[in-house]
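This report refers to the structure that appears directly beneath it.
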Amino acid sequence: MASGLHSNTENGAVLDPRSEAAPALRAWLTVHDLPASVLLTAVADAQTVAHLNRLGLEPENGGNEMGADLSTLRLPVGDPPDIRITEVTEGRDLADAFGIFDDADWFTNGELPRRIAAAQRIGYGPGSPVRHWVARAGKNPVGAATSFTCRAPREPVVTLAHCCVAQPYRRRGIGTALTRARIAAAHHEGVQWVVLSPSPDGYQLHRTFGFATVPTPHDRWFYLR
């Protein structure tokens, strides 16, 4: 997939390590001139890893992931006073939510319109794999979050993909409220497992909820810088 966005987590492919398509994939990504990632579907042998390295794909072997069974989580009850959490179902709310990410410098300068356009192409809202939420203080957006649901036949999993709170409103429980909204939606859909790739702050927050931490699987995720 080439999303057109300058992000090595939103361009790339899922690849069988036995596949001979890696050189063609590398050439295709180069033509699009975008950073990208490649996720292997199984453990690769040393020869395959060396081949990917020669193509310029660098393994991510130093990261950590967090996960939990939804039924075991311990989230505080109740939203912060004067804060309203709603799911994004229309374009105006989508722009407000993505504006929070943009204000936090998560996007390349000037990329906000393309981010919104890509989200509209993919789709969002109840019943969609990708869903977004926005937190408001009065009419002002002060936080936003995203989730992605993979509906595997045996064990559907929800990924808590993004969560950001505007600087003046941090440390007030808004991030917790956004997490609770996403988990409640996942529970309603019958999802049992929830995962995320935490930031340092996110690690501390989610650890208190009951999330366990494991290292990113070795030589499974590769970045094209």
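Readers should treat all values here as calculations from the given coordinates under stated rules, not as data from a laboratory. Bear in mind the structure is a predicted one, so any value in this text is a computation, not a measurement. Cβ: placed from backbone, ideal geometry, glycine included. Neighbour counts: every protein chain shown.
Size check on the chain: the Cα extents along the three principal axes, sorted descending, read 56, 40, 31 Å.
If you count the DSSP beta bridges with both ends in the chain, what percent of them are antiparallel, to the nearest 5? Around 85 percent of the beta bridges assigned by DSSP in the chain are antiparallel ones. Taking K and R as +1 and D and E as -1, what net charge do the other residues with C-beta under 13 Å from the C-beta of Ser37 add up to? Value of the local net charge: 0. Comparing Leu94, His187, Pro80 along the charge dipole axis of the stretch 74-209, the residue lying farthest to the positive side is His187, per the Cβ-charge model. Relative to the longest principal axis of the Cα atoms of the chain, helix 200-209 runs at roughly 60 degrees.
Counting Lys and Arg as +1 and Asp and Glu as -1, what is the net charge of the other residues whose Cβ lies under 12 Å from the Cβ of Gly4? Taking every other residue near Gly4 into account, the sum is 0. Taken along the Cα-to-beta-carbon direction at a fixed 7 Å, the label points for Ala13 and Glu58 span 2.2 nm. Our helix-only sum for the chain, with -39,500 (n - 2.57) per DSSP H run of n ≥ 4 divided by its residues, gives a mean residue ellipticity at 222 nm of -9500 deg cm²/dmol.
Entry note, the stretch 66-225: relative contact order of 31 percent, from Cα contacts under 8 Å with a spacing of 6+ residues.
Taking label positions 7 Å along the Cα-Cβ direction at both Ala152 and Trp106, the computed distance is 2.5 nm, reported to one decimal. Cα centroids of the stretch 199-225 and the stretch 42-91: 6 Å apart.
Could you tell me how many degrees, from 0 to 90 and to the nearest 10, lie between the Cα long axis of helix 174-188 and the main elongation axis, the longest principal axis, of the Cα atoms of the chain? With both axes taken from Cα atoms, the answer is about 70 degrees. Against the chain, whose longest principal axis is taken from its Cα atoms, helix 22-32 shows a tilt of about 60°. Simple point charges give the picture: +1 on the Cβ of Lys and Arg, -1 on the Cβ of Asp and Glu, and for the chain a dipole about the Cα centre of about 400 debye. Packing around the peptides 49-58, 35-44, taken as the average count of other Cβ atoms within 10 Å per residue, puts them in this order, highest first: 35-44, 49-58. Using θ = phi - 60° in the Karplus curve 6.51 cos²θ - 1.76 cosθ + 1.60, the 3J(HN,Hα) couplings for the stretch 70-83 round to 3, 5, 9, 6, 10, 9, x, 9, x, 7, x, x, 6, 10 Hz; x is entered for Gly and Pro.
Between the alpha-carbon centres of the stretch 147-174 and the stretch 98-113 there is a gap of 18 Å.
For Pro141, the shell of other residues with beta-carbons less than 10 Å away shows a net charge of -1, using +1 for Lys and Arg and -1 for Asp and Glu. Of the peptides 160-167, 172-179, 134-141, the order by per-residue mean of other Cβ atoms within 10 Å, starting with the highest, comes out as 172-179, 160-167, 134-141.
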